[in-house]
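Take a look at the structure set out below.
The values are calculated or read from the model by the stated rules, or taken from the named source; none is laboratory data. Remember, predicted model here, so these are calculated numbers, not experimental data. Here Cβ is always computed from backbone atoms with ideal geometry, including for glycine, and neighbour counts include all displayed protein chains.
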């Protein structure tokens, strides 16, 4: 049984397009590259052949991963809630600081720290799940425990 993956509608569609491209276009390109490399002769010392096989393996691995993610995906729609859940935008601050940070809790396929999107599976994400406004929570980090408070939830 695979674990559920949470995706926004946009990310689901983006991954679906990538999967279609890999299956319809990239597979054929790799097969053509393999055929060309085989035509060069001696496969044991044929760098083009080995590179094409590695590319083929990478493409097939990505196709398998995308198929697994898409079949186990649950589409998350932004909505207002009083508790932190996947899809929530959460304003938090460390108990020792005044500065607020804003994080959006997303599935692991959408994680992007630069834009404040953190996985619900991350230590910070897991610690926030189920919390309400004004709740305190602790995150264990390599340098020790860090205490946060939920300022607001969107």
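Can you tell me which residues in segment 46-63 are touching a residue at least 40 places away in the same chain (Cβ under 8 Å) and farther than 16 Å from residue 25 by Cα?
None; the set is empty.
Report yes if residue 69 is part of a helix (DSSP H, G or I) and within 30 Å of residue 153 (Cβ to Cβ), otherwise no.
Yes, satisfied.
Is it the case that residue 118 is assigned to a strand (DSSP E or B) and under 19 Å from residue 6 (Cα atoms)?
Considered against the rule, which asks whether it is assigned to a strand (DSSP E or B) and under 19 Å from residue 6 (Cα atoms), residue 118 comes out as yes.
Taking the stated definitions as given, is residue 98 part of a loop (DSSP other than H, G, I, E, B), out of contact with any strand residue (DSSP E or B) (no Cβ under 9 Å at 6 or more places or on another chain), assigned by TED's automatic domain parsing to the domain that holds residue 142 and within 16 Å of residue 7 (Cβ to Cβ)?
Spelling it out, it is not the case that residue 98 is part of a loop (DSSP other than H, G, I, E, B), out of contact with any strand residue (DSSP E or B) (no Cβ under 9 Å at 6 or more places or on another chain), assigned by TED's automatic domain parsing to the domain that holds residue 142 and within 16 Å of residue 7 (Cβ to Cβ).
Can you tell me which residues in segment 129-150 are more than 12 Å from residue 83 (Cα to Cα) and not in a loop (DSSP other than H, G, I, E, B)?
Correct list: 136, 137, 138, 139, 140, 141, 144, 145, 146, 147, 148, 149.
Note down all Cβ pairs under 7 Å where the first residue falls in segment 10-25 and is surrounded by 17 or more Cβ atoms within 10 Å (Cβ to Cβ), the second is not in a helix (DSSP H, G or I), and they're at least six residues apart or on different chains.
Going by the 7 Å Cβ cut-off, the qualifying pairs are 12/73; 12/75.
For the condition surrounded by 17 or more Cβ atoms within 10 Å (Cβ to Cβ), at pLDDT below 95, in contact with a strand residue (DSSP E or B) (Cβ under 8 Å, 6 or more places away or on another chain) and more than 27 Å from residue 12 (Cα to Cα), what is the one hit in 139, 106?
139
Which of the residues belonging to segment 142-153 are within 10 Å of residue 95 (Cα to Cα) and surrounded by fewer than 16 Cβ atoms within 10 Å (Cβ to Cβ)?
Hit for segment 142-153 is 147, nothing else.
Please work out if residue 70 is under 30 Å from residue 30 (Cα atoms), assigned by TED's automatic domain parsing to the domain that holds residue 27, surrounded by 15 or more Cβ atoms within 10 Å (Cβ to Cβ) and in contact with a strand residue (DSSP E or B) (Cβ under 9 Å, 6 or more places away or on another chain).
yes
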